[in-house]
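Take a look at the structure set out below.
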Amino acid sequence: MINRSNRLATLTLLVLATTACPAEETEMPADAGPVVEVDAGTTSNTIADIASSDANFSTLLAVVQKADLVSVLAGDDPLTVFAPTNDAFAASGLDQAALDALSAADAAQIITYHAVSGTVLSSSLSAGVVNTVADLSLVVGTEGGVTLNGGNAVTGGATVTSADVSADNGVVHVIDRVLLPPTVADLARYAGLTELGAAVEAAGLTETLSGEGPFTVFAPTNDAFPDDTTGLDVAQVLTYHVLSGAVASDQVTSGNVDTLATQSFGEGDAASSISLDLFIDTSAGVRLNNTADVVIADVRGTNGIVHVIDGVLVPLNIAEVATVAGFTQLVAAVGASAPIPAALAGSDSDVPVIEALSSLSALTVFAPTDDAFGAAFPGGLPTDQAAVLGVLGGHVIAGAAPVEAAGLPADTNAEVSALVGALTFDASADPPTVSIVGGNSAGIVATDIGATNGVVHVIDGVLMTQ
C-alpha cells in the first residue's frame with residue numbers, strides 16, 4: 001500500500017484486527033439485531049455449521065455447495081463472512097433461475113467476495129477499503145451502521161443487519177443484500193467518487209470501464225475535480241486516467257506509459273491518431289505528471305485495479321512533456337533560443353520556441369537527454385540565441401501528422417525536412433539512429449511518447465551540422 005495520507009474524509013484505509021476476541025468480551029452494537037441461534041446439540045460451530053443450521057441461509061448454503069466451498073467454511077483458517085439471507089438473495093434479484101445459471105467458478109467468486117481472512121469483529125470495522133478472499137475489494141462504511149459497497153439498492157451494496165455471530169473458525173455478519181463482484185466502474189461508485197462517476201457517465205464511458213479489460217484506473221477524488229471543464233475534452237481527459245492492464249502498486253515503476261487517451265491528426269485517408277503518455281515518479285510514493293499523488297492504492301475489481309489520486313490529470317503537450325520528463329537542458333535551451341521566424345513557423349509573426357512546442361500541431365521532436373547536452377556543450381549552452389535556435393531546429397519535424405517510430409523512413413538515403421536542415425534514419429542500427437545531413441548522428445533510445453500536439457523520441461546525442 002502506498003504510504004500516503006488520505007484526503008478522502010469518507011474513505012480512510014481500513015485497519016483490520018486479525019486476532020479473535022472472546023465473544024463475551026465483544027460489545028454488540030445497539031442496532032446489531034438478533035444473533036443467529038445455533039442448535040445446542042451441534043458438536044461444532046463453524047461458519048459452515050451456522051449456514052447449515054439456519055433455514056434463513058439455505059440459499060447461501062446452496063451456492064456454497066455449488067462452489068464446493070463447504071470445507072473452506074468449515075476449515076481451521078479464520079474467516080469473516082458477510083452472510084446474505086434468503087431474503088437478501090431475493091432483494092438482489094437472484095431468483096432460483098439466476099442461481100441455477102451460475103457456474104461453479106462464478107459461485108465461488110461470489111462466495112469468496114463475501115469473505116475476509118481473519119476474524120474481524122464489528123468493533124474493529126472502520127470506513128475504508130478491505131481486500132476479500134476473492135482478491136477483490138469491498139468498500140466499508142460506518143455512518144449509521146456498517147454498510148458495504150454503499151449499502152443500498154442503487155449502488156448494489158448491503159447493510160449489516162446482525163453483527164458478530166461467533167463461530168469456531170471466525171465470525172459471521174448477516175447482510176441484507178448479495179454483494180456481486182465489482183468492476184472498476186462499480187468501485188468508483190462504491191467509494192463515493194461521485195464527480196468521477198458523473199463525468200464517466202456523461203462521456204459515455206461507463207460501458208467501456210465495465211468491459212473485459214483489464215484496466216488500471218487512476219481515480220480522482222471529488223475534491224480534485226474542477227468546477228469548470230470548459231475547454232477540456234472530457235472524454236480524452238477521463239481516458240487519460242486509464243491504462244491497459246492491471247498494474248498493482250508494487251508493479252508501478254518510474255517512467256512514461258501509454259494511456260487509453262488518444263489524439264487525432266489529419267482527416268480522411270490521411271487521418272491518424274497516437275496514444276497519449278503520462279509520467280510516473282516512484283521516488284516518494286507514486287506521483288503522476290508531477291501534479292497528483294496516489295492516496296489509496298490497489299482497490300481491486302473484476303476487470304482491473306483502481307488507485308485513488310488527489311488531482312485530475314490533463315494530457316500534456318510537447319513542451320510539458322519535456323518539463324515533466326525531466327529534460328532540463330532541453331527546456332533550458334528552449335528558453336535560451338531566439339524565436340522561430342514567421343516564415344519558418346507559417347505564422348504572421350515570430351513564434352517563441354516554447355509557444356511552438358506548446359501549440360503547433362503534428363510535431364515530431366527528437367529530444368536529447370541531459371547527458372547528451374552535457375557532452376555537446378561541456379561549457380554550457382551557446383549565448384547566441386540564433387545559434388541555439390539553429391541547434392533546436394534540427395530536432396523538430398513539422399508535418400500533417402507526427403511521425404511515430406514505425407513510420408520513420410527505412411531508406412537510409414531518404415531525407416526528411418526538419419525545421420532547420422534535413423534528417424536521415426538508419427533503422428538497422430542498434431539503437432536505431434537519426435542523423436542530420438552534413439552533421440552527426442544520435443541513437444534513438446526511446447520512442448513514441450505521445451503528446452497532444454505530436455510525439456517525442458528520445459536521443460542520446462545533440463544533432464549539429466559542421
With 0.36 nm assigned to each residue of separation and the Cα-Cα distance removed, ALA338 to ALA55 gains 93.6 nm
Going through region 178-241, which GluC sites (Glu not before Pro) have at most 13 other Cβ atoms within 10 Å and a DSSP loop state?
GLU212
Note the full-extension length gain between SER272 and ALA153 as 0.36 nm times their separation in residues minus their Cα-Cα distance, in nm to one decimal.
38.5 nm
Note the per residue figure in Å³ for the convex hull of the C-alpha positions in region 364-418.
110
On the first, second and third principal axes, largest extent first, how far apart are the outermost C-alpha atoms of region 77-140 in Å?
37, 23, 20
For region 300-409, go through all pairs of different Cα atoms, get the mean of 1/r, take its inverse, and jot down that Kirkwood value in Å.
15.9
Under a plain spin-label model, where a point goes 7 Å from the Cα along Cα-to-Cβ, how far apart in nm are ALA410 and GLN466?
3.1
Can you work out the PRE-style zone for ALA202? Point 7 Å along Cα to Cβ, and I want the residues of region 230-249 with backbone N under 15 Å.
230-239
Taking the alpha-carbon centroid of each part, what is the distance from region 243-276 to region 73-96 in angstrom?
41
Sorted by packing (mean other beta-carbon atoms within 10 Å per residue), highest first, where do 217-223, 315-321 land?
315-321, 217-223
Based only on Cα atoms, what mean projected area does the convex hull of region 178-316 have, in nm²?
9.2
Carbon plus sulfur fraction of accessible area for the chain, probe 1.4 Å, in percent:
51
Any idea which of VAL174, GLY157, ASN131 is furthest toward the positive side of the dipole for region 129-193, if Lys and Arg beta-carbons carry +1 and Asp and Glu beta-carbons -1?
GLY157
Taking every C-alpha to C-alpha distance in region 150-246 and binning by 5 Å from 0, the per-bin percentages run 3, 11, 19, 19, 15, 11, 9, 7, 4, 2, 1, 0, 0
Kindly rank 356-364, 423-431, 186-194, 344-352 from highest to lowest mean number of other beta carbons found within 10 Å of each residue.
186-194, 356-364, 423-431, 344-352
At 7 Å along the Cα-to-beta-carbon direction for both ALA422 and SER358, put a label point, then send me their distance in nm to one decimal.
3.4
Can you give me the Rg/Rh ratio for region 328-466, using Cα atoms for both radii and the Kirkwood formula for Rh?
0.93
Report THR323's accessible area, 1.4 Å probe, all protein chains in place, as a number in Å² to the nearest 10.
90
Summing -39500 (n - 2.57) over the DSSP H runs of n ≥ 4 in the chain and dividing by its residue number, what mean residue ellipticity at 222 nm do you reach, to the nearest 500 deg cm²/dmol?
-6000 deg cm²/dmol
When the Debye formula is applied to the Cα atoms of the chain, each taken as the same point scatterer, what base-10 log of I(q)/I(0) results at q = 0.07, 0.09, 0.13 Å⁻¹?
-0.50, -0.70, -1.09
Take the Cα coordinates of region 235-334, assign each an equal point scatterer, and use the Debye formula without solvent to give log10 I(q)/I(0) at q = 0.10, 0.11, 0.18 Å⁻¹.
-0.32, -0.38, -0.91
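The values are calculated or read from the model by the stated rules, or taken from the named source; none is laboratory data. Here the structure is a predicted model, which means the values were calculated and not measured. Note that each Cβ is placed from the backbone with ideal geometry, even for glycine, and that neighbours are counted across all protein chains shown. Only protein heavy atoms, including side chains, enter the accessible area calculation; ligands, DNA and RNA are left aside. Shrake-Rupley method; radii C 1.70, N 1.55, O 1.52, S 1.80 Å.
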